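Structure, as structure tokens:
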Amino acid sequence: MRFFRMLTNALVAGALGAAYIAVLVLQLNPQLPLEPGILLALYAGLALVYATSVAAGLFVLLVVHWLLVGGRGMPGWLSLRILAWVTTILCAGAALLMWVNLSAFHAELGEETARRLAAGTAGVTASAVVLFLIAIVHYSFGRRGSRVGGSLYALAVLASLLLPLVARGPGNRVSRRSVNATVRAFVPEGRPPGKVVMLLVNGASLEYINPATAQGRLPSFGRLLDAGASLHLSTIRPTQPETVWAAVATGKYPAANGVRAAERYAFAWGRALVELLPDYCAAGTLLRVGAVRAEPLNRTALRTPALWEILSAAGLSVGIVNWPLTAPAPPVHGFLISDRLHLRIPGASPAPVPEPLASPSEAAVVADRIASELSTRPPSGPSSAGPSTWRDVLYERLFDHLRGRFDPQVVALRYEAFDRVRRTYARAMLPRVMGGPSEAERRRMRQMLDEYYAYIDSKLGVAIDRLGDEDVLLVISGYGMEPTDLGARLASRLVGQWGGLGAHEHSPDGFLLAYGQPIRSSRPHRGSAVDVLPTLLYFLGLPVARDMDGFARTDLFKTSFTAKRPVVFVPTYGS
């Protein structure tokens, strides 16, 4: 009987632990309405992991304690003596978890949501103090529960759950804002004099490029560093390609553009999608046990107009290739190839691929033809070529072909294989005792990284040679990459994940390199990923929207250019 009583107390503690995590998920996702069906699906998914874990852990502790005291004593079915202390620990842990998530996700939450989360966290902290006092009083003045003590305990627990929900509010659904129909009125008369070429790279780092150019390698990067402007760009944290490139495309942080993670998550049978899972509480376990299913983001995740929409509406032609969150491909003035086009290759994806993946229809025909050719004839590239490098070659060929046909004003091509190459090379920076490679493997991995940088450098050389007198080349790395730290590595092995030793979830800064006749040779102070779009608009003679989080970096340009082009503003590009 005593074991059943221990179990009931453990189950109550487990249910409370899962409830605190559910409250945190609701705080991190203010778009979710507090509807019974959504709350039930959310709690059921969380309870599968957190309630069972807390209950099992507490039950084991109670049994061990009972054995240590010689098998004496029998707890009540709902023991205030046990639950007061356990709930105090759970509540204090929830408050700490809320504080660290508030710090980690501040940029993703926005000021208003962060303020509400801080208020809710303060309420949970105060409740933890009250629960601690109840536990002390009960321990000091009586070993048996009382109606007064039980009532105060219940009120404190209820307050710890309700206060953060009251601070959060009922939920605020946010609809997507389309580009303002009057954007053409913002465009100055005449076509802007220069074109813009944007080359995007995942995971490249100036910490590698600078010493390599000093040694005489990477000559094209060297030209950009010597004759152009270079600056570090603070990235978006936690760093993922979708969040970073969405910030670059919109000039807004995740709280405003709507892209706060690489995926959205659905709990059990719930239809409402969660955008952020909490950090520092093994939330990844929810995916591994099937309590949560992940759904990839698509273009509808962007809640604010992106650069291809703004420029197309302004009458400027664009050529966008392999930019995240462009599926299904939107209509543009020019052409756009989604970052998911490679999934059309036979055998590349077991899941259905959204349509369309290219715009307009003429570009779609070309894309299908080139993809078909490459699926039967392996492309040439660096000797380290793998699946990601293969994709780079596919998108590069599409970019070159369509750029020649459409001749757009602004073009952008993303290279993504650095993620793969850097993740592999990261193992070379780990000692053997942590699973690092042999010396021969280190040399091979170093060669792999060197070859891919040289491959990108050769493409930069082609882009530089094609620039006109008034054109500008922008090379953008949204984030760097570094080896996984020891703690994360050990944790990944405990849950059965043996790969992925390179990480960019808390990555170093990215960079922006600007080159061209209007650009002055300089090393401006650190910028942000959200500065790219305002700077691009400024160069093209378009106004900067005041609701953008970034700034036009006029310090990249020569005085002769900025003297003739003041920064002008409009309230917003959205409607």
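Structure data summary
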{"item": "Two-site FRET efficiency, LEU158 against VAL69, from Cβ-Cβ distance with R₀ of 35 Å, rounded to 0.05", "result": "0.65"}
{"item": "Förster radius 30 Å - calculated FRET efficiency between ARG405 and ALA227 (Cβ-Cβ, nearest 0.05)", "result": "0.45"}
{"item": "Long pairs among LYS195/LYS459; LYS459/LYS558; LYS252/LYS558, criterion Cα-Cα beyond 20 Å", "result": "LYS459/LYS558; LYS252/LYS558"}
{"item": "Pairwise label distance in nanometres, LEU467 with ARG523, each label 7 Å out on the Cα-Cβ vector", "result": "2.0"}
{"item": "Cβ charges +1 (Lys, Arg) and -1 (Asp, Glu), total dipole of segment 2-168, debye", "result": "860"}
{"item": "Restricting segment 35-130 to trypsin sites (Lys or Arg not before Pro) in coil, as DSSP defines it, with at most 10 other Cβ within 10 Å", "result": "ARG72"}
{"item": "Least to most buried among THR300, THR535 (fewest other Cβ within 10 Å first)", "result": "THR300, THR535"}
{"item": "Estimated translational D of segment 2-168 in µm²/s (Stokes, Kirkwood radius over Cα pairs; 25 °C; 0.890 mPa s)", "result": "147"}
{"item": "Estimated FRET transfer efficiency when R0 is 60 angstrom, pair ASP368-VAL60 (beta carbons, to 0.05)", "result": "0.55"}
{"item": "Relative contact order (percent, whole number), segment 2-168, Cα cutoff 8 Å, 6+ residue spacing", "result": "30"}
{"item": "GLU35-LEU7 pseudo-label distance in nm [points 7 Å out on the Cα-to-Cβ vector]", "result": "3.7"}
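Where a number appears in this text, it was derived from the coordinates with a stated rule and is not lab data. A quick note: this is a predicted structure, and the numbers were derived from the prediction, not measured. A quick note on method: Cβ atoms are made from the backbone with ideal geometry, for glycine too, and the neighbour counts reach across all protein chains shown.
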